[in-house]
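The values are calculated or read from the model by the stated rules, or taken from the named source; none is laboratory data. All figures in this text were calculated on a predicted structure; none of them were measured in a lab. When we count neighbours, we look across all protein chains shown, and the Cβ atoms used for this are built from the backbone with ideal geometry, even at glycine.
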Amino acid sequence: DEEDYMSDYFIDKTTDVRPGLTSASVAKLNKNERNSKLMNSLNKERHKPLNVIQQEKREEGLQSAIPKSNIGFQLLEKMGYKQDRGIGKSENGIKEPVPLNIKLDRKGLGHADNKRKQKSSSHREQEDQLKRMKLESQWRNRMRERWNDKEINRDLRRSQSVCERLDKNSPTEKLEMITEYLRLTHHYCVWCGREYSGTDDLKANCPGNNASVH
C-alpha cells in the first residue's frame with residue numbers, strides 16, 4: 001500500500017533546513033573544536049616556552065640580592081667589603097654589581113655597532129648634501145650678482161658713449177637723445193616727472209617726447 005502523503009512518514013524522512021539551525025553532527029563538531037581550543041590555551045598557560053621561563057628566572061635572580069652564602073660574596077667580605085656600602089678604600093665605588101647586557105636575539109655580535117655606523121654614515125651624507133646645496137645656492141647668487149654687474153656696466157658704457165656723442169651735437173639734439181634714452185630704457189619722462197611701468201603705459205599716458213606737447 002502507498003503511504004498517505006499527508007501522514008508523518010514523509011515528514012520524518014526530510015531534513016530540517018530552517019535557517020539558524022544546525023544538525024546534530026555539525027553541533028558536535030563545533031563543540032569539539034571549542035573544547036580543543038580551550039585545552040590548547042590551558043596547555044599554553046601551563047607549559048610556558050623555554051625562553052619565557054628563562055627570562056622570568058633571570059629577572060627573579062636579578063631582583064634579589066646576592067645571599068651571604070654565595071662564595072663570591074664571602075670572598076668580598078674577606079677583602080673588606082661591607083654590604084650596602086661602596087667598594088674601594090674610601091667606599092665611594094659602586095654598590096651594586098655591574099648590570100648584565102643579555103643578548104636575546106640571534107643577530108651577530110657586531111650587528112648593533114654596524115647599524116650605528118650605518119646611521120652615522122647616513123647622517124654624514126645628509127650633512128654633506130646640505131653643504132653642497134648651500135654651496136650651490138651661494139654660487140648661483142654670485143653668478144647672479146656678476147650678471148647684474150655686467151648689465152650695469154653695459155648700461156654705463158652705453159650711457160658714456162651717448163654722452164660722448166652728445167658732446168659733439170647741439171643742445172637740442174643732446175636733449176632729444178637723452179630723453180629718448182630715458183623713455184626707451186627706463187620708461188621715464190622728464191616733462192611728466194615720473195617713471196612708467198612699461199612702454200605701453202608710457203605711450204598711453206605720456207603726450208610725447210618734447211616740452212611743447214606737455
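Being in a helix (DSSP H, G or I) and surrounded by 12 or more Cβ atoms within 10 Å (Cβ to Cβ) is the filter; apply it to the stretch 188-202 and report the residue that is nearest to the chain's Cα centre (by Cα).
ASP201
Exactly one condition in (1) out of contact with any Pro (no Cβ under 9 Å at 6 or more places or on another chain); (2) modelled with pLDDT under 80 is false for LYS68; which is it?
Checking LYS68 against (1) out of contact with any Pro (no Cβ under 9 Å at 6 or more places or on another chain); (2) modelled with pLDDT under 80, the one that fails is (2).
So which residues in the stretch 38-81 are in a loop (DSSP other than H, G, I, E, B), surrounded by 11 or more Cβ atoms within 10 Å (Cβ to Cβ) and of a type in the set (A, V, I, L, M), if there are any at all?
Across the stretch 38-81, the qualifying residues are ALA65, ILE66.
Of the conditions (1) at pLDDT below 65; (2) surrounded by 10 or more Cβ atoms within 10 Å (Cβ to Cβ); (3) among the aromatic types (Phe, Trp, Tyr), TYR5 clears all except one; give me its number.
Here TYR5 clears every test but (2).
Taking the conditions exactly as written (of a type in the set (A, V, I, L, M, F, W, C) and loosely packed, with under 10 Cβ neighbours inside 10 Å), does LEU184 satisfy them or not?
no
What do you reckon, is ASP113 part of a helix (DSSP H, G or I) and out of contact with any helix residue (DSSP H, G or I) (no Cβ under 6 Å at 6 or more places or on another chain)?
yes
Those residues that are surrounded by 10 or more Cβ atoms within 10 Å (Cβ to Cβ) and either among the basic types (Lys, Arg) or within 34 Å of the chain's Cα centre (by Cα) (or both), I need them from the stretch 82-102; list them, please.
Residues satisfying the conditions are LYS82, ARG85, LYS95.
Any chance the stretch 163-179 includes a residue that's farther than 24 Å from ALA211 by Cα, at pLDDT 85 or above and part of a helix (DSSP H, G or I)?
Checking the stretch 163-179: not a single residue is farther than 24 Å from ALA211 by Cα, at pLDDT 85 or above and part of a helix (DSSP H, G or I).
May I ask you to list pairs of residues, at least six apart or on different chains, whose Cβ atoms are under 9 Å apart, with the first in the stretch 185-204 being within 22 Å of LEU156 (Cα to Cα) and the second being surrounded by fewer than 15 Cβ atoms within 10 Å (Cβ to Cβ) and of a type in the set (Val, Ile, Thr)?
Hits for this filter: HIS187/THR199.
List pairs: first in the stretch 165-177 and in the same structural domain as VAL190 (by TED's automatic domain parsing), second surrounded by fewer than 12 Cβ atoms within 10 Å (Cβ to Cβ) and at pLDDT below 75, Cβ under 8 Å, 6+ apart or cross-chain?
LYS174/ASP167
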